[in-house]
Amino acid sequence: MTQASRPLVAGNWKMNGTVSGAEEARRVATGLAALPGVRCDAMICPPFPLIGLFARQLSGTALAVGAQDCHPAPSGAHTGDVSAELLAEVGAAAVIVGHSERRQDHGETSALVASKAEAAWRAGLTAIICVGETEAERTDGRTLEVIGDQVAGSVPSAARPESTIIAYEPVWAIGTGRTPTPEDVAEVHAFLRGALVTQLGEAGRGIRLLYGGSVKPSNAAELMAVANVDGALVGGASLKADDFLGIISAYA
């Protein structure tokens, strides 16, 4: 990763993409090169089997490659899991931990997420720690309470701007086409910033805060202009080069 002060637009491909997707990634890299004034970093996080291939094919470009998860341990009898050390070895620069789909589908606790963030640092990777509320929690007026608890439990005390990014993804907005208003996003991101400063001191002021949840070219500029929003974690729109570049262009 580059300077912690630069915004980041990261694409989470989830369980999508094939080997032929490397061509789509190259199109993003080519498009980035045609935007010499772009003021953000860019990254794609494909499924595990594609990380090494993408890292080799994108070497020397401005498009970094990340992973979607890691195991807390560096090795061992953990069938189906991948260590942060191996991710780094095959070319990943960062790893997403604590995504709502991991918390919901795999029962991941905030304590487990924190241990994965520490594993990422151990391997020299940037940890992208995800937080966010469900629709029921928002309806109940518990958004800030839930996010505060997730930050307290998921962000280790050693978090620093050069090694840690926080991504706010309202669960109810992921893949639904529904997006919080800029005012909603501003409220949560201001709360996040305050919570990080309280928890980490001065280091909390420099940690990048990404917004994720139905980000697309048509709303990227408005969302990226919100105070304390330092980029985006993009889902479906990152699968197509033109859409992903359209979001990145919010920083051109």
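The values are calculated or read from the model by the stated rules, or taken from the named source; none is laboratory data. Remember, it's a predicted structure, so these values are computed and weren't measured experimentally. Every residue, glycine among them, receives a Cβ derived from its backbone with ideal geometry; neighbour counts consider all protein chains shown. Quick note on the areas: whole protein, heavy atoms, side chains included, nothing else; ligands and nucleic acids left out. Shrake-Rupley method; radii C 1.70, N 1.55, O 1.52, S 1.80 Å.
Looking for something in contact with a Cys (Cβ under 8 Å, 6 or more places away or on another chain) and either open to solvent by 40 Å² or more (accessible area, probe 1.4 Å) or among the aliphatic types (A, V, I, L, M) (or both) - is there at least one such residue anywhere in the range 47-67? Looking through the range 47-67, at least one residue is in contact with a Cys (Cβ under 8 Å, 6 or more places away or on another chain) and either open to solvent by 40 Å² or more (accessible area, probe 1.4 Å) or among the aliphatic types (A, V, I, L, M) (or both).
Taken together, Ala227, Ala195 contain a single residue that is among the aliphatic types (A, V, I, L, M) and closer than 20 Å to Cys40 by Cα, which is Ala227.
Would you please name the residue that is farthest from Ala167 (Cα to Cα), looking only at residues in the range 85-108 that are open to solvent by less than 20 Å² (accessible area, probe 1.4 Å) and in contact with a strand residue (DSSP E or B) (Cβ under 6 Å, 6 or more places away or on another chain)?
Leu87
Of all residues assigned to the range 138-160, at least one qualifies as being under 17 Å from Asn228 (Cα atoms), in contact (Cβ under 8 Å) with a residue 24 or more places away in the chain, surrounded by fewer than 18 Cβ atoms within 10 Å (Cβ to Cβ) and within 18 Å of the chain's Cα centre (by Cα). Of the conditions (1) under 25 Å from Leu200 (Cα atoms); (2) under 13 Å from the mean Cα position of the chain (by Cα), Lys116 clears all except one; give me its number. Of everything listed in (1) under 25 Å from Leu200 (Cα atoms); (2) under 13 Å from the mean Cα position of the chain (by Cα), Lys116 misses just condition (2).
The single condition among (1) open to solvent by 20 Å² or more (accessible area, probe 1.4 Å); (2) modelled with pLDDT of 95 or more; (3) not aromatic (Phe, Trp, Tyr) that Leu35 does not meet is (2). Here Ala220 clears all of (1) under 20 Å from Leu8 (Cα atoms); (2) open to solvent by less than 40 Å² (accessible area, probe 1.4 Å); (3) part of a loop (DSSP other than H, G, I, E, B) except the condition numbered (3). The listed residues are Arg27, Arg6, and the only one of them that is open to solvent by 50 Å² or more (accessible area, probe 1.4 Å) and part of a loop (DSSP other than H, G, I, E, B) turns out to be Arg6. The number of residues in the range 179-200 being free of Cβ contacts under 8 Å to residues at least 60 places away in the same chain, open to solvent by less than 30 Å² (accessible area, probe 1.4 Å) and either farther than 21 Å from Arg142 by Cβ or among the hydrophobic types (A, V, I, L, M, F, W, C) (or both) comes to 5. Considering Ile166, Ile129, the condition of being buried (at least 18 other Cβ atoms within 10 Å of the Cβ), on the phi < 0 side of the Ramachandran plot, touching a Lys or Arg at 6+ places or on another chain (Cβ under 8 Å) and outside any helix (DSSP H, G or I) is satisfied by Ile166 alone.
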